[in-house]
Amino acid sequence: MVIREDITIQSNYRATDNFENWLKKNKLVGISGVDTRQITQILREKGSINAVIVYKKNGKFNFKEIAKKLKNWKGIEGCDLT
């Protein structure tokens, strides 16, 4: 999930939890503070590209392993995105 602004509180009276906890519970990664308009412009001009968001508590990454996983990713075909 890529969003422009941080979501700090629920915006619906029926909400039972906040967005951050929902992401954690569903094992999803999110990033905020991103210029989503610029991303839209890049996608419009250059088309889609593969990218990855990686988080590790210790901040140490194996970039070769990450690049390998990204290269071997089969895409979203067949994924339930709703």
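Please identify the longest segment of the chain free of exposed trypsin sites (Lys or Arg not before Pro), where exposed means a DSSP state other than H, G, I, E or B and no more than 12 other Cβ atoms within 10 Å. Mind showing how you got there, number by number?
On the way: sites that count: R4, R14, K27, K56, K57, K60, K74.
Here the longest run is 28-55.
Show that you can apply the helix-only estimate: for the chain, add -39,500 (n - 2.57) for every DSSP H stretch of four or more residues, divide by all residues, and state [θ] at 222 nm to the nearest 500.
Details: 3 runs with 28 residues, N = 82.
Calculated at 222 nm, the ellipticity per residue is -10000 deg cm²/dmol.
I need Y55, Y13 ordered by Cβ neighbour count within 10 Å, fewest first. Intermediate results must be reported in sequence, preceding the final value.
On the way: Y55 9, Y13 5.
Lowest to highest Cβ neighbour count: Y13, Y55.
What FRET efficiency do you get for V54 and A15 if R0 is 35 Å and r is their Cβ-Cβ distance, rounded to the nearest 0.05? All intermediate terms of the calculation are to be shown ahead of the outcome.
Details: r = 29 Å, r/R0 = 0.82.
The formula returns an efficiency of 0.75 here.
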Estimated inter-spin distance, K69 and D35, nm [label 7 Å along Cα→Cβ]: 2.8
Overall dimensions of the chain by Cα: Rg and Dmax, Å: 15.5, 45
Pairing the Cα long axis of helix 63-72 with the longest principal axis of the chain, what angle in degrees results, from 0 to 90 and rounded to the nearest 10? 90
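If the only charges are +1 at each Lys and Arg Cβ and -1 at each Asp and Glu Cβ, what is the size of the charge dipole of region 19-72 around the Cα centre, to the nearest 20 debye?
Values: 13 positive and 4 negative charges, 68 e Å.
Using only the charged Cβ atoms, the result is roughly 320 debye.
Every read-out reported here was derived from the displayed coordinates using simple, explicitly stated rules and does not represent laboratory data. Quick caveat: nothing in here was measured; it's all calculated off a predicted structure. Here the Cβ is made from the backbone with ideal geometry for all residues, glycine too, and neighbour counts use every protein chain on show.
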